[in-house]
Every structure is written in structure tokens, then in C-alpha cells.
Amino acid sequence: MITLLSTWTFGVTLAFVALGVFVSYRLFSFPDITTDGSFTLGAVTTTVLLVSGHDPLLATLGGVAAGATAGACTGLLHAKLGIEPLLSGILMTTALASVNLVVLGRSNVPLAGVRTLLDRAEEMISPATSAAGFGEAAGEAARLAAMLAGVSLAVLLLWAFFRTRLGTAMRAGGDTPTMARALGRNTGLLTVAGLAIANALTALSGALVAQVQGFADVQMGIGMVVWGMASVFLGAALVGQVRLGGALVATVAGSITFRLLVASALRAGLHPDWLKAATAAVVLAALVAPRLITRRPQGSSAR
């Protein structure tokens, strides 16, 4: 029970990465490689603040602000200096590799004995989960409930924001920048704001993952952009074409499903050395499967 709950908790925590990739890639058509660096930046910033004795909530918000700043810098490289989106993200991630090491001070910092946001949530929710019959797994169930509440709030806020006039303009700037410019919108600033939101979500995930696993490491963000992409594509494959709200929920479901698939593969005996290859296979399947499903009826009708 505890293992299953912890798998769900980790999948929900990483759903913030998936939401960030959804915003940058789906809404702004911006392949943002900054994800790897901003995930680590959120983790190391939060960890340093926690170790320094700051309030867990303020420390987490500090990590989120750092991630938003990194995303805005990537947007400025593209919008103001005319650098291609992919190269902008690569440049920013390369710079963040040094920034993260300087901020953390060394390659790994544990959070042993440090009160975290998850500890606070566990203390508040554990009585309810114990009463619900979770027994020894009450603490992990409380953590999962806190993560589900957080990601639900994030989905609701994103859905509400991107339905406002500003949010609609930002979505239009990502889909059809020419039309947005014709309507008098500064697409460059919209992109900067969008990437700031995306990387704030990614940094939030890094901050929470560091608190869940009890340490921060300067290498912990490697592969996060692949995780986010896999979750987005897997979620889209699960539900098909849906509106914004459904797409956001599907992205979260994709992250949880992907984590469950990874955990199942490892439990079935997959060697950890093959984990990245398995990840690539899942992304490939999520990309190809919808096309095969849509082509099959056409082929059978032609016959």
C-alpha cells in the first residue's frame, strides 16, 4: 500500500512539470529545454532556503520565483535577441547548470531533520487519513492528498487564467502570432510571460520533489523535459481531442500513468540502465498510437 501511494505521490508531484511543458509546448508552440534547468533551480533554491531556517511555504515560493525568472530569461533571449526557441532553452539550461551548483554549494544537500511543506501537510491531514482506515500508510496518504489538492488548484487556476482576455491573447499569440500582432498584441512579451508561467510550474515540481525525497541534487533535473513531453502526449493519447480544461486534466493523468508504467516496468525486472530507453518507447507509442487509431477506420471503409 505504501509503495503504491508513494508512486502516485511522485507521479502527481511531477505533474507540475507536465503542466509546465503543456503551457510552453501546447499553448505557445515553444520547445523549451529550460525545463531541465528550472526544475533543478526550484529544488536547490527551496532546499537552501529550508536549510537556512526559512518557512517551508516561503522557501517553496522562492523556488517558484527562481524558476519563473529563468523562464522569463529564456523568453527574452528569443523575443528580444531573436535567438531560436530551441537554442534559447539550451543556452539558458547550460547557464543554469553553473547557477544551480553555485546556489546549492555542493552537488547534494540532504533535508534530514529539516521541517518541510510535506511534513506540515502530513501533520494536518494524517488524522483524517488515519480515520479513513489507511493505518500505517496514513502519512503517505496524507502526502498524496496534499499533492492532489495542489495540482487540482494549479489546473483550476490555469484553466481560469487562460480563459481571461489576457490568457486568451496569450494562447492566440502562441497559435497564430501573425494574427495576434495584427490585433496589436506584443507577442514577444506574451511569450516571455508564458514561459515564466511554464517554468514556475516546473520549478514548483522541483521544489516539491526535493521535499518528497528529502534531498536536492544538481543532476536531478536531467530528463525532465522528456518526462513532461511524455506526460503531455500520453495524456492526449488517453483522451483524444478535448478542450482546454480536459487537456489540462489529461496532462496530469498522463504524468500519473507514466509514473505507474515506469514503476511497473522496474517492478517487473527492467534494469534501471534501460529506463531512458523505455521512456523513449512510451513517448513514441503515445505519438504513433493516435495516428494508427484514426487511420484504421479509414482503411477498413476503403476496403
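No lab work stands behind these numbers, since they all come straight from the coordinates. From a predicted model like this one, the values you see are computed outputs, not experimental measurements. In this analysis, Cβ positions are derived from the backbone assuming ideal geometry, glycine residues included, and neighbour counts consider all displayed protein chains.
Odds and ends about this structure:
- Value of relative contact order over the chain, rounded to a whole percent, pairs C-alpha under 8 Å and six or more apart: 34 percent
- Whole-number D in µm²/s for the chain (Stokes-Einstein; Kirkwood sum over Cα pairs; 4 °C, 1.567 mPa s): 65 µm²/s
- Environment charge at E122 (Cβ cut-off 9 Å; Lys +1, Arg +1, Asp -1, Glu -1): -1
- Estimated vicinal HN-Hα couplings, Hz - region 255-266 in sequence order (Karplus 6.51, -1.76, 1.60; Gly, Pro = x): 5, 5, 4, 5, 5, 5, 5, 5, 5, 5, 5, 5
- Highest-first packing order for the peptide set 226-234, 203-211 is 203-211, 226-234, based on the mean count of other beta carbon atoms within 10 Å.
- Projected label distance in nm at L86 and A285, using a 7 Å step from Cα toward the beta-carbon: 2.7 nm
- Sorting M147, M124, M220 from the fewest to the most surrounding beta carbons within 10 angstrom yields M124, M220, M147.
- Equivalent-ellipsoid semi-axes for region 123-276 (Cα gyration tensor, √(5λ), whole Å, largest first): 33, 20, 16.
- As a calculated quantity, the FRET efficiency between E136 and L275 at R0 = 30 Å, using C-beta atoms, amounts to about 0.55.
- All Cα pairs of region 41-109, percent lying beyond 15 Å: 55 percent
- Residue-wise HN-Hα couplings along region 88-94, as the Karplus relation 6.51 cos²θ - 1.76 cosθ + 1.60 with θ = phi - 60° gives them from phi, are 4, x, 5, 4, 5, 5, 4 Hz; Gly and Pro carry x.
- Residue-by-residue Karplus 3J(HN,Hα) for region 158-169, coefficients 6.51, -1.76, 1.60, Hz, glycine and proline x: 5, 4, 5, 5, 6, 9, 6, 5, 5, x, 5, 5
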